[in-house]
Each structure stands twice: as C-alpha cells, then as structure tokens.
Amino acid sequence: MSTTDTSSTGRRGSDAWSRTHFSVDRRSPGYCRVTFDHPPINTITATTVAELAELVGLIEQDPDLNVVVFDSANPDFYLAHYDTEHDPARTAALGVGPTGMHAWLDLLVRLSRARVVSIAAIRGRARAAGSEFVLACDLRFASRENTVLGHFEVGTGVVPGGGPMARLARLVGRGRALEILLVADDLDGPRAEQYGYVNRLIADDRLDDEVDAIASRLARFDHHAIARTKSYVDQVTLPADTEFPPALSDFFEMLGRPRQQEQFARLEALGLNTDSDLERSLGARVIESIPDA
Amino acid sequence: MSTTDTSSTGRRGSDAWSRTHFSVDRRSPGYCRVTFDHPPINTITATTVAELAELVGLIEQDPDLNVVVFDSANPDFYLAHYDTEHDPARTAALGVGPTGMHAWLDLLVRLSRARVVSIAAIRGRARAAGSEFVLACDLRFASRENTVLGHFEVGTGVVPGGGPMARLARLVGRGRALEILLVADDLDGPRAEQYGYVNRLIADDRLDDEVDAIASRLARFDHHAIARTKSYVDQVTLPADTEFPPALSDFFEMLGRPRQQEQFARLEALGLNTDSDLERSLGARVIESIPDA
Amino acid sequence: MSTTDTSSTGRRGSDAWSRTHFSVDRRSPGYCRVTFDHPPINTITATTVAELAELVGLIEQDPDLNVVVFDSANPDFYLAHYDTEHDPARTAALGVGPTGMHAWLDLLVRLSRARVVSIAAIRGRARAAGSEFVLACDLRFASRENTVLGHFEVGTGVVPGGGPMARLARLVGRGRALEILLVADDLDGPRAEQYGYVNRLIADDRLDDEVDAIASRLARFDHHAIARTKSYVDQVTLPADTEFPPALSDFFEMLGRPRQQEQFARLEALGLNTDSDLERSLGARVIESIPDA
C-alpha cells in the first residue's frame with residue numbers, strides 16, 4: 001500500500017485534499033485515509049495546524065464521507081509533538097477557528113464532533129500534541145509492538161495545552177490520567193491498552209489491514225445512523241468547550257518563562273525535533289533538561 | 001441445577017413470578033433466579049417486555065429480596081435481540097410505564113434503580129436489546145468461552161434505541177463505546193472484559209456455581225445496607241431519565257424508512273429471528289443486508 | 001532502606017513530621033515518604049486521623065514539596081480498616097476540619113486537592129477506611145503478589161462511610177464499583193489492576209525501588225506545572241464536597257443499630273483488630289458475623 005498514491009477510487013481526486021504535511025487517499029466516497037508525512041519525525045508545526053484545520057473543514061462539508069483514518073508514513077513517529085520552529089509568532093498568528101478557540105483546539109474539537117468516524121491507526125511515537133490529536137479522534141488502534149504514547153510536558157515545566165486533562169481523565173480515570181500527565185513518562189502499547197488510552201492493540205503487521213477492514217465496513221453504513229449515534233455518545237463524553245482554553249493559556253504563559261526556554265534550548269541541543277536518540281526516548285530523557293538543583 | 005424447577009425454598013412459590021418467556025426460581029427469601037426461556041433464540045418481543053415489566057414491579061415491592069440473577073435456558077442465546085414479529089403496533093401498544101417512558105426504557109430504568117442487586121449471568125449471545133438488558137443490570141458476569149455481546153443496529157441503518165449510548169459510554173469510555181456502537185461488530189468474552197463491558201469472565205463450567213455463590217452471599221446481607229449503598233452509586237453513575245427517550249424516538253423513526261425495512265427483510269430471508277448461521281454471526285454478517293452501492 | 005531513619009536530606013528534619021502511627025522520611029526538599037507503623041495491623045483510629053490531619057496541613061503549607069509516598073512498615077497490612085477502640089466518642093470528638101466536613105472526610109478531600117502528588121505504594125491489606133485512604137491518593141501502585149483491597153462494610157450491615165461510592169464509581173465504572181461495594185469481598189492485586197482500582201501492579205521485590213524512582217523524578221519537576229496540571233484533572237474527576245457527608249452520616253447511624261453492634265462484637269470475638277486469620281481473610285469471613293436467619 002503506497003501512502004503517496006494520488007489516484008482515487010472515489011468521486012474526487014485525492015490531490016484536492018492533500019497538503020504538504022500529509023497526503024490524502026480517498027479510497028471510496030465514504031472512506032478516506034490521511035497519511036502524515038512531514039520528515040524527519042512528523043512534528044506538528046503552524047503549517048500542520050493550518051493544513052489540518054482546512055482538512056477538518058472539508059470533512060465537515062462532505063455529505064458522503066463516513067470515516068477518516070489517520071496514519072503515518074514514518075513507522076517510528078506517528079506525530080512527534082509540537083515544534084514552534086523558533087518562531088512562536090507563527091503559532092500565535094494562526095488565530096482562532098469557527099468555535100472561537102485557538103486553531104489547534106478548534107480543529108481538535110471540530111474533529112471530535114464531526115459527523116464521521118475518525119480513526120487513529122497508531123504506529124510509532126505520539127507525544128504531547130501528537131497524543132492530543134489521537135485523543136481527539138474517535139477510535140484509537142495501535143501497533144502492539146511499535147507504539148509510544150505520552151505527555152512529557154510537565155517534565156519541561158509547562159502544563160499540557162491541548163486538552164489531555166479533559167480528555168484523558170474521562171477516558172482512563174483520575175489515577176491513570178494523573179500518572180500519565182504528572183509522571184510524564186512514555187507508555188508502550190500494552191500499558192496504553194491496559195489503561196484504556198487506546199481502544200486496543202493490533203499486531204503491527206496486521207494493523208493496516210485490520211483498520212482498513214473496519215473503515216471499509218463503516219464506509220458502507222448509513223451516514224445518518226453513524227452521525228446520530230455518535231452525537232448521542234458526544235453528549236455524554238465530550239468535554240465542554242470552556243474546559244479547553246484556560247490550559248492552553250497556561251501553556252503559552254509557562255512556556256515563555258526563562259527557565260522553560262532554557263529547558264527547551266537544552267533539549268534542542270540534545271536532539272529535539274530531529275530523528276535522534278533523544279526523540280526516541282523522550283519520556284525518560286526529558287529529565288536531562290532540568291538543571292541540577 | 002434445573003432451570004425449570006418450580007419448587008421454591010422461599011416463602012413464595014416460583015409459579016407466581018414465572019411467565020411464558022422466563023421461569024423464576026425463588027431460591028430463598030432474599031434470592032431469586034430468572035431464566036430466559038423463549039425458543040428458539042430468546043428474542044425479546046412485546047410479550048417479553050410486558051412480562052419483564054410485571055416482574056420488575058414485583059421486584060420493587062418485595063421487601064425481602066436482595067438479589068435477582070438473570071440467566072438463560074439456551075446456552076447459545078442469552079437474549080438474541082428485539083423482534084417486532086412483523087407487528088410494530090404491538091410494540092407501540094405497550095405504552096408507557098410508571099416513569100412516563102416507553103415500557104422497554106421504563107423497565108430498564110426501574111431495574112437499574114431497584115433496591116436489589118441485579119446480576120446478568122451471561123452465556124451465549126446478547127445483542128442490541130439483549131445487550132441493553134444486561135447493561136441495565138447492576139453486575140455482569142460472563143462465560144469466558146461462550147459470550148457474544150454487541151450492537152449491530154448501526155449496521156442496519158438505525159440508532160440503538162434502548163440506551164446503550166448513555167450506559168456504555170459511562171462504563172467503557174468514549175473510544176470503546178464509539179467502537180462498539182459504530183463499528184457494530186460482535187465482541188467475544190475476553191474483549192468484553194478488557195473493555196469493561198462486563199465485570200469479568202468466569203470459566204463456563206464454573207459460571208453458574210460462582211454466580212450462585214455471589215448471590216447466596218448477597219441474599220444474607222442487610223437489605224438496607226445494600227439498597228442505600230447502591231443508591232449512592234446510582235447518584236454518580238446512572239444517566240438522567242431525559243437521556244433515553246430521544247434515541248428511542250430516533251430508532252422508531254429510522255426503522256420505518258423504506259431502506260431499513262428492506263435491510264430487515266433481507267436479514268429475515270437470511271435467517272434473522274431463527275436459530276441460523278446468520279444469528280450466530282450477526283455482527284459480521286449484518287453487512288450482507290446493505291445493498292451494493 | 002530503613003523506614004525509621006530520622007535523618008533527612010531535605011531542609012527540615014523528618015522528626016518534625018513523624019507521629020506515633022507513622023514515620024516520615026524527608027528524602028529531599030521535593031519528596032517525602034510516610035510509612036504507616038501502628039502495630040499490630042495498622043488499624044486507623046482517632047489518633048491516626050488526628051495525626052494524618054496534621055500531616056496534610058503540613059503538606060499543604062510546604063512550598064517545596066512535590067510528592068508524598070505512603071507505604072507501610074508491615075508487609076501484611078497496609079492500613080487494615082478503622083477501629084473505634086470501643087470508644088466511638090473519641091471518633092466523634094475529632095470534629096470537623098477546615099472544609100467543614102468530619103476530620104476523616106476532611107483530610108481525604110484535602111489530600112486529594114493538595115498541590116503535591118500523593119502516591120500509595122500498597123503492600124498488604126487495605127480495606128474499608130484503608131481503601132478510602134488509597135482512593136484519596138492520586139496514584140496507586142500495588143504489589144503484584146501481596147495486595148488485598150476491598151470494602152467489607154456492607155457485609156456488616158452498614159454503608160461505607162468515607163467516600164468510596166463517590167470515588168470508586170468514577171474510577172472503575174458502575175458495574176465494578178457495585179460489585180466491590182455490594183458483594184463486599186476482597187480483591188487481589190490482579191483483579192484490582194484489571195478493574196482500575198489501582199494504576200498498576202509492580203512485582204513485590206521491585207515495588208519500593210520503582211515507586212522511589214517515580215517519586216524522585218517528580219521531586220525534580222516544576223512545582224507549579226505539577227500543581228496546575230493536577231488542578232485541571234481535579235476539576236474533571238473529583239467528587240463535589242457535598243457528595244461525602246450523607247454517606248458518613250448513614251454509616252454512623254447504621255453502625256449504632258443493635259444488630260450491627262452484635263455483628264462487630266462477633267467479629268471481635270473472631271479476631272478483628274488483631275493479627276488473626278480473620279483479619280487475613282476478612283472479605284470471605286465477614287459473612288460469619290451474620291446470625292443465621
């Protein structure tokens with residue numbers, strides 16, 4: 001299966017939906033597959049956010065679409081985490097989306113409420129904003145052998161900004177959410193499944209096919225039955241919009257403190273945002289960014 | 001252990017509580033066992049609903065009763081699902097119960113609030129309304145080798161009507177609830193246990209005895225301690241009454257659409273409501289009811 | 001590792017925080033370890049409550065502290081349960097704490113909201129009030145081979161008084177919470193982990209070191225990042241204060257009934273509050289306190 005295939009079996013070419021940080025394969029009118037492809041490690045940048053926001057807009061307006069699968073062209077990194085590219089102004093300039101929230105929160109909230117089933121097919125690392133993205137998807141299937149999830153933010157002295165306190169706490173319960181967020185270490189696939197962070201694990205060499213089978217099934221179902229059933233679950237499980245902005249504010253404010261800037265500079269010196277050993281073991285190694293007391 | 005034994009060790013004969021779709025064995029003043037027995041596959045019909053509504057009324061008024069176990073005389077089917085018997089008017093004619101809700105919702109809500117512990121001892125298939133029944137019970141113990149749970153409704157183009165969006169989402173979390181309801185496939189025992197859909201699995205040849213031991217223990221406990229402790233858990237975990245009726249309305253409305261009538265006609269032609277291969281693999285085979293695009 | 005070591009690596013001697021029912025080892029400015037040591041079985045008495053209330057006050061006021069680990073000097077009993085010492089007036093005389101709630105509820109609520117991470121490192125038995133204590137901690141790590149958790153209260157004819165209906169129901173879901181509270185039997189480590197009652201199990205011979213590694217990591221993190229992230233999780237997961245007092249009232253009232261006094265007298269004759277076989281198997285043997293019908 002080629003993730004860069006631009007031919008489409010649907011009524012619309014994939015080209016129309018592909019962007020620089022992901023390609024889109026419209027496999028049928030009801031089903032499209034989005035493949036993150038932003039070398040070297042699929043960081044999320046202001047560009048990714050802008051492109052995902054556009055994609056969510058297209059998803060919302062498509063009356064035929066039942067299911068969107070998000071996977072990665074890089075088997076080691078699903079979505080590494082956010083990278084400001086030394087230019088926080090670009091992130092600030094993203095502005096707010098239709099919900100009135102910052103573009104990142106806005107696209108996550110809209111994806112979680114869209115009248116389609118969003119599926120994260122997770123292979124590799126998804127930390128911080130990468131984890132926030134998969135938490136905003138409806139279903140999470142993960143490679144048994146090759147999954148790393150986590151929130152290292154507290155280790156860098158900031159609060160996670162994109163909503164994991166709201167989403168994880170409801171998904172895995174208070175104790176496990178506090179562990180994930182405060183201890184701020186990586187979880188492998190088996191622990192993520194045990195905690196309920198993902199729906200379930202699938203053997204790595206079966207992951208693509210099994211998720212494809214699930215998506216192909218969903219693509220044939222009645223659009224309204226999916227949308228209305230999901231909306232009833234939304235009513236019981238989605239956080240109120242008002243829960244999200246305060247933590248993002250805190251994140252930006254805390255990130256601007258000199259001590260946190262120094263921690264990030266140290267992480268960059270160690271290989272942050274590159275395909276480095278640091279990035280492969282970021283949960284354990286984030287502690288290296290903290291100056292000795 | 002005979003499930004058709006009509007002698008009782010309690011103060012009241014079982015005959016008084018037995019009906020055509022289930023028998024009741026009052027094992028002690030504090031403990032009765034209800035055995036579904038509606039051949040060939042324990043479908044739930046308007047008759048079952050009316051009889052269960054009466055039973056719940058008796059349960060509510062019995063000051064001695066601490067625990068009710070619901071099991072099945074058919075090892076392959078616990079409660080298959082609802083069957084309108086080609087006469088939706090009979091279901092409509094059931095009217096509303098004391099809560100003001102449709103008889104089916106009413107009896108489930110009243111069972112979940114009753115001052116007794118209700119236990120589903122699950123062996124065989126419990127899908128759609130069958131799953132809604134076990135979700136309304138307080139405890140769910142299931143055969144390790146022989147359990148099938150699921151909601152195939154979305155595969156037939158309708159929303160589940162009896163409350164699983166409200167109950168499952170709170171029990172297993174958003175991601176797993178969306179998977180169960182939208183992918184609409186069967187879950188076997190191990191997955192049901194992993195997701196928290198059931199309390200836990202018990203080896204099939206131990207299920208009856210272990211549940212009997214639990215019920216016998218509960219039968220000796222103080223009635224008020226059980227009732228009051230349960231009521232505190234109810235306050236934190238039960239959906240508001242107002243959550244249920246809209247989805248049932250949607251269910252009836254969507255079921256009446258020509259396309260859905262055709263899907264059900266196709267399923268009937270394939271063996272729905274009979275002891276057929278279709279019924280044994282309904283989660284996988286529901287897709288056969290969908291006309292090719 | 002000595003739990004009675006009174007030297008401290010922090011800025012303050014451990015002596016200042018140690019009390020008669022527990023010792024405190026301030027391992028660093030950010031990290032202290034509290035070891036329950038109230039022979040023979042770590043029952044919780046009015047003295048324990050008063051001492052823990054003082055400790056929580058010190059924790060709240062310490063600007064350097066990030067993490068408190070609670071473990072036990074007795075490998076068989078973490079915290080057995082409450083013991084009124086035949087003098088309920090002493091418990092009543094504890095009065096209310098700063099939240100306006102009874103001292104026991106007050107200290108649990110304040111611990112759960114404190115700006116530090118509280119960790120229960122569980123080895124041995126923690127039942128009833130002992131379980132209530134670990135449920136009020138933020139994280140629960142338990143010995144794989146040597147953990148017993150449970151609420152036997154309903155077996156003695158009373159409702160659990162210290163909040164498990166509120167906390168357990170949110171942590172493990174309705175079905176499993178009802179089973180734990182109403183069936184009132186012991187859970188071993190594997191079942192506690194499966195149900196989400198604890199975060200996860202750790203091999204007994206690794207428990208102290210692994211929890212120490214987690215706490216040492218947390219001790220180096222930014223205090224405000226921990227406190228603020230926790231406060232966001234608190235908003236989503238902590239019960240309202242108003243949920244707690246009614247159940248404690250019920251507990252006191254039901255405990256005073258002659259039948260319950262007889263049950264407790266019977267349990268005492270069988271070895272309650274001593275290092276007895278009864279205490280080791282209290283979940284199973286609580287039924288012996290019930291007179292034959």
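Scan the range B:201-222 for residues that are among the charged types (D, E, K, R) and more than 7 Å from chain C (Cβ to nearest Cβ) and jot them down.
Scanning the range B:201-222 gives B:Asp204, B:Asp205, B:Arg206, B:Asp208, B:Asp209, B:Glu210, B:Asp212.
Quick check: anything in the range B:235-243 buried (at least 20 other Cβ atoms within 10 Å of the Cβ) and of a type in the set (D, E, K, R)?
Checking the range B:235-243: not a single residue is buried (at least 20 other Cβ atoms within 10 Å of the Cβ) and of a type in the set (D, E, K, R).
Which residues, counting only those in the range B:42-60, are open to solvent by less than 20 Å² (accessible area, probe 1.4 Å) and more than 15 Å from the chain's Cα centre (by Cα)?
Within the range B:42-60, B:Gly57, B:Ile59 meet the criteria.
Among what's in the range B:135-156 and is among the polar types (S, T, N, Q) and open to solvent by less than 10 Å² (accessible area, probe 1.4 Å), pick the residue that is nearest to the other protein chains (Cβ to nearest Cβ).
Ranking the qualifying residues of the range B:135-156, first place goes to B:Thr156.
Can you find a residue in the range B:129-137 that is among the β-branched types (Val, Ile, Thr) and closer than 18 Å to B:Gly283 by Cβ?
Of the range B:129-137, the ones among the β-branched types (Val, Ile, Thr) are B:134.
Imposing the further condition that a residue be closer than 18 Å to B:Gly283 by Cβ reduces the set to B:134.
Scanning the range B:129-137 turns up at least one residue that is among the β-branched types (Val, Ile, Thr) and closer than 18 Å to B:Gly283 by Cβ.
Do we have C:Gly130 as within 19 Å of C:Leu272 (Cα to Cα) and among the small types (Gly, Ala, Ser) here? Spell out how you get there, then give the answer.
Numbers: within 19 Å of C:Leu272 (Cα to Cα): yes; among the small types (Gly, Ala, Ser): yes.
Spelling it out, C:Gly130 is indeed within 19 Å of C:Leu272 (Cα to Cα) and among the small types (Gly, Ala, Ser).
Conditions tested, residue by residue: (1) modelled with pLDDT under 95; (2) within 27 Å of A:Asp186 (Cα to Cα); (3) acidic (Asp, Glu).
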{"position": "A:Thr84", "(1), (2), (3)": "yes, yes, no"}
{"position": "A:Val96", "(1), (2), (3)": "no, no, no"}
{"position": "A:Asp106", "(1), (2), (3)": "no, yes, yes"}
{"position": "A:Ala128", "(1), (2), (3)": "no, yes, no"}
{"position": "A:Ser131", "(1), (2), (3)": "no, yes, no"}
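Does the range B:185-200 contain at least one residue that is within 19 Å of A:Val236 (Cα to Cα), touching a residue at least 24 places away in the same chain (Cβ under 8 Å) and surrounded by fewer than 22 Cβ atoms within 10 Å (Cβ to Cβ)?
No, the conditions are met nowhere in the range B:185-200.
Filter the range C:173-193 down to the residues that are more than 7 Å from chain B (Cβ to nearest Cβ) and either more than 17 Å from B:Arg217 (Cβ to Cβ) or touching a helix residue (DSSP H, G or I) at 6+ places or on another chain (Cβ under 9 Å) (or both) and list them by number.
C:Ile180, C:Ala184, C:Asp185, C:Asp186, C:Leu187, C:Asp188, C:Gly189, C:Pro190, C:Ala192, C:Glu193 - these are the residues of the range C:173-193 that are more than 7 Å from chain B (Cβ to nearest Cβ) and either more than 17 Å from B:Arg217 (Cβ to Cβ) or touching a helix residue (DSSP H, G or I) at 6+ places or on another chain (Cβ under 9 Å) (or both).
Could you go through the range A:122-134 and let me know if any residue there is crowded, with 20+ Cβ neighbours inside 10 Å and among the polar types (S, T, N, Q).
Yes, the range A:122-134 has at least one match.
Of the residues A:Ala225, A:Ala169, only one is within 11 Å of chain B (Cβ to nearest Cβ), crowded, with 23+ Cβ neighbours inside 10 Å, touching a Gly at 6+ places or on another chain (Cβ under 6 Å) and free of Cβ contacts under 8 Å to residues at least 24 places away in the same chain; which?
Values: A:Ala169 fails: touching a Gly at 6+ places or on another chain (Cβ under 6 Å).
When all the criteria are applied, what remains is A:Ala225.
Look through A:Gly157, A:Gly162 and report the one residue that is touching a residue at least 40 places away in the same chain (Cβ under 8 Å) and more than 30 Å from A:Thr229 (Cβ to Cβ).
A:Gly157
Six or more apart or on different chains, Cβ under 7 Å: which pairs go from a residue in the range A:84-96 that's closer than 13 Å to A:Ala265 by Cα to one that's surrounded by 13 or more Cβ atoms within 10 Å (Cβ to Cβ)? Could you list them?
A:Thr84/A:Thr91; A:Glu85/A:Thr45
Conditions: (1) open to solvent by less than 10 Å² (accessible area, probe 1.4 Å); (2) part of a strand (DSSP E or B). B:Asp106 meets all but one. Number of the miss?
B:Asp106 satisfies all of (1) open to solvent by less than 10 Å² (accessible area, probe 1.4 Å); (2) part of a strand (DSSP E or B) except (2).
The values are calculated or read from the model by the stated rules, or taken from the named source; none is laboratory data. On a predicted model such as this, the values are computed, not experimentally measured, just so you know. FYI the Cβ positions are ideal-geometry reconstructions off the backbone, even for glycines, and counts take in every protein chain you see. With ligands, DNA and RNA removed, areas are computed over all heavy atoms of the protein, side chains included. Shrake-Rupley method; radii C 1.70, N 1.55, O 1.52, S 1.80 Å.
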